[in-house]
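Read the figures in this text as sums done on the coordinates, not as results from a lab. All values derive from a computational prediction rather than experimental measurement. Backbone-built Cβ (ideal geometry, glycine too); neighbour counts: all protein chains shown.
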Amino acid sequence: MVLPSSNKRRYVVIVNVCRWLLALVLMLSGFLKAVDPVGAAHKLQEYATAFSIDGVSGAWLLAAAVAQAAVEFLIGLYLFLGVYRRTVSFLALVAMSLFVPFSLYVWVSGAVSDCGCFGESIAMSNGVTFAKNVVLLFLAIVAFAKRSLFVRNLSQKTRWVLVLFSWVYIFAMQSVALHHLPLIDSGSYAVGSNLRSKVEFVPDEYEYKAVYYNKETGNAEPFIVDADTVMGSEWVQDGYTDVLVALGTEPEIGNFSILDWDNDIEFADELLADTGYVCIVVIEDVETASVTHIDKVNDLYDYCMENGMRFCAVSSSYGAEVLLWVKRTGAEYPVYWADGAMLRSMIRPNPGLVLLKDGVIVGKWAAADIPAVEDLEKAPGLMPGIEDISYGDMRHWPLWVLVLLGVVFLLPLLDVTLVGIGNARRKRLDKKKDAAQAVDEKTSDLN
């Protein structure tokens with residue numbers, strides 16, 4: 001066997017580093033979309049609106065978001081482990097060849113403000129997104145052109161294990177996120193967010209100053225001093241002015257508004273000012289909202305009324321639609337109006353529950369995970385820790401990362417072990433075969 005030259009070794013290293021970098025970015029992109037598939041669907045809706053694509057239902061957009069996350073993740077994972085080299089390197093090249101001109105158009109046209117490549121976890125400007133895609137296209141070209149130099153991490157003995165695991169993994173993770181809450185919530189309404197500070201508008205700060213000119217030197221530049229400052233006779237005052245001393249801040253959440261539509265009353269400030277617990281049931285659209293677990297909502301309302309806690313619902317629907325919801329569900333709680341985009345940012349499930357205390361979000365649940373009254377009585381005060389009773393550690397994204405890392409690192413070890421056992425078994429069989437052949441030859445010579 002002829003060992004490759006040092007230059008060729010370096011070339012092999014460069015090619016594999018390129019495909020590993022490309023694979024990691026694709027895996028990260030797919031993973032961050034998979035932890036919040038509803039959010040990814042909302043981003044696709046934003047693109048559809050920007051490009052005037054009508055008639056696409058939310059169900060189709062959600063299916064497309066789930067599929068996109070799965071495809072990106074699977075291509076990245078298979079590319080990282082060096083399996084199906086021809087297919088995955090080709091798919092990666094095709095994907096990046098499409099993303100580059102698309103991101104260029106989005107950058108030039110300004111169709112959307114953020115590409116959503118990495119969900120809500122990593123925000124990128126359109127210019128940075130285009131530059132990133134150009135780099136990834138270069139890596140994809142290198143990976144496809146020199147795929148024969150990929151270092152293989154798995155043989156065909158364990159490839160099926162990877163395929164089975166990866167498909168179950170990516171769709172199970174998205175199923176948990178769809179039926180409960182996103183595994184990663186990095187938005188403005190994440191648990192622990194202080195909404196009072198996020199909706200606060202701080203105006204620019206000015207100070208009232210006096211303006212003087214030096215009449216002896218004839219200096220045309222004004223001299224700004226405190227309004228009550230007494231200047232010498234060589235100075236002449238020329239009125240007063242406001243001087244900016246501190247820039248204000250715009251609210252992080254600019255569209256936080258909850259209205260009593262019929263009476264035109266704003267309730268947002270009142271809810272945030274409440275120092276106790278405030279239960280807000282978010283119903284983005286009453287026509288598409290699930291009523292499967294609506295009894296939990298009604299029981300929670302009764303519990304809150306008995307314990308003096310504020311309870312209300314907010315929806316982007318109003319009028320006859322809300323009346324129909326009340327008739328269908330037997331709701332006795334008030335249903336206020338709020339912007340649909342704000343509600344989608346607050347919580348993904350429809351319906352879902354947001355729990356405030358002293359203006360801070362201390363808990364969020366999908367309707368299916370709203371604690372039962374019996375559990376609330378075991379935890380007086382509706383403490384946020386009660387959410388742990390619903391679906392446990394499956395909602396924590398670090399668990400999913402650890403599982404993925406464990407398989408990525410342990411599967412190659414298993415593969416090496418199985419290959420080694422197979423090779424040892426073949427050697428034993430070859431020895432037995434050679435021994436049997438030698439006996440046959442000896443017997444033949446004796447005859």
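Computed quantities for the displayed model
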| item | result |
| --- | --- |
| Helix 294-306 vs. the chain, principal-axis angle (Cα, 0 to 90°, nearest 10) | 40 |
| Using alpha carbons only: equivalent-ellipsoid semi-axes of the stretch 234-315, gyration tensor based, whole Å | 47, 16, 12 |
| In Hz, Karplus ³J(HN,Hα) per residue of the stretch 8-23 (6.51, -1.76, 1.60; θ = phi - 60°; x = Gly, Pro) | 5, 4, 4, 5, 4, 4, 4, 4, 6, 5, 4, 6, 5, 5, 4, 5 |
| Estimated vicinal HN-Hα couplings, Hz - the stretch 403-416 in sequence order (Karplus 6.51, -1.76, 1.60; Gly, Pro = x) | 4, 4, 4, x, 5, 4, 8, 7, 4, x, 5, 4, 4, 4 |
| Segment Asp238-Ala123, extension gain: residue separation times 0.36 nm, minus the distance between their alpha carbons | 36.5 nm |
| Of Ser89, Ser57, Ser186, the one that fluctuates the most in a GNM where the chain has Cα springs shorter than 10 Å | Ser57 |
| Among the listed pairs Lys296/Lys364; Lys43/Lys357; Lys43/Lys327; Lys33/Lys198; Lys43/Lys296; Lys198/Lys296, those beyond 21 Å (Cα-Cα) | Lys43/Lys357; Lys43/Lys327; Lys33/Lys198; Lys43/Lys296; Lys198/Lys296 |
| Modelled FRET efficiency - R0 35 Å, Val108 with Phe201, Cβ distances, 0.05 increments | 0.60 |
| Size of charge dipole - the chain - debye, nearest 20, with Cβ of Lys, Arg +1 and Asp, Glu -1, no other charges | 5080 |
| Additional length obtainable on full extension of the chain from Val191 to Ala48, 0.36 nm per residue less Cα span | 48.5 nm |
| Of Gly187, Gly248, Gly363, the one that fluctuates the most in a GNM where the chain has Cα springs shorter than 10 Å | Gly248 |
| Cα long-axis angle, helix 58-81 against the chain (0 to 90 degrees, to the nearest 10) | 50 |
| Highest-MSF residue in the chain out of Ser148, Ser29, Ser315 [GNM, Cα springs under 10 Å] | Ser148 |
| Integer Hz, Karplus 6.51/-1.76/1.60 couplings in order for the stretch 147-156, x for Gly and Pro | 5, 5, 9, 4, 7, 7, 9, 9, 9, 5 |
| Tilt relative to the chain, helix 126-145 - C-alpha long axis, 0 to 90 degrees, to 10 | 0 |
| Within the chain, helix-based [θ] at 222 nm, where runs of 4 or more DSSP H residues each add -39,500 (n - 2.57), nearest 500 | -17500 deg cm²/dmol |
| Likely footprinting exposure, Glu120, Glu250, fewest C-beta neighbours within 10 Å first | Glu250, Glu120 |
| Distance between the stretch 30-46 and the stretch 139-218 - C-alpha centres, whole angstrom | 12 |
| From the C-alpha gyration tensor of the chain, square roots of 5λ in Å | 58, 37, 20 |
